[in-house]
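Rule-based calculations on the coordinates, nothing more; no lab input. Please read all numbers here as calculations on a predicted model, not as lab measurements. Counting neighbours? That spans all protein chains shown, and the Cβs are built from the backbone with ideal geometry, glycine included.
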Amino acid sequence: MRKTVYEEYKYSMQDTSFLYIGTKYTMEELINEDEIPFKFRLIVERYILPEADAQDTLESHLYYLDPKSFLVKIYKQVKTKVKINIIEEKRMFTGGKKKQYVTKLLTVEELAAMPVAEKEAKGVVVQELRMSKLALMAF
């Protein structure tokens with residue numbers, strides 16, 4: 001029996017409109033992975049890798065991305081969104097409150113604008129990078 005663990009979020013999927021990439025890939029793995037479209041590998045090699053280490057994961061890169069960085073503009077150009085898990089308080093029918101993880105889809109600008117201390121307090125986990133295939137082709 002094989003145990004599936006969160007660290008195995010290394011995948012690349014496509015549909016007619018979007019490209020989805022799991023954030024557990026390191027930058028080096030992104031460049032060498034044949035399943036990932038060439039245009040995105042080119043963006044990683046030319047723009048992201050000079051500002052990051054080859055052993056950094058896409059998750060940590062997005063988590064600590066500076067809102068003033070040029071990379072935020074590149075992600076905006078490619079219409080990138082990030083799927084995250086975040087802890088939120090939900091109201092119960094009984095009137096009480098319960099904390100639970102909620103999945104949200106944010107733009108990279110919204111994620112980068114959130115301070116790291118707030119991300120840590122809310123338990124943010126970056127799961128997936130989603131980008132428009134049409135915008136990626138036009139890049």
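Under a plain spin-label model, where a point goes 7 Å from the Cα along Cα-to-Cβ, how far apart in nm are residue 102 and residue 118?
Computed distance between label sites residue 102 and residue 118 equals 1.5 nm.
Beyond a 31 Å Cα-Cα separation, which of these cross-linked pairs lie in this structure: 90/133; 79/122; 39/99?
Violating the 31 Å limit, Cα to Cα: 90/133; 39/99.
How large is the direction-averaged shadow of the alpha-carbon convex hull of the stretch 67-139, in nm²? Each step should come with its number before you reach the end.
Values: hull surface 23.3 nm².
Here the figure is 5.8 nm², rounded to one decimal.
Charges only on Cβ, +1 for Lys and Arg, -1 for Asp and Glu: so what's the dipole of the chain about the Cα centre, in debye to the nearest 20?
Result for the chain is approximately 780 debye, rounded to the nearest 20.
Please report, in whole Å, how far the alpha carbons of the chain spread along each principal axis, starting with the longest.
52, 45, 31
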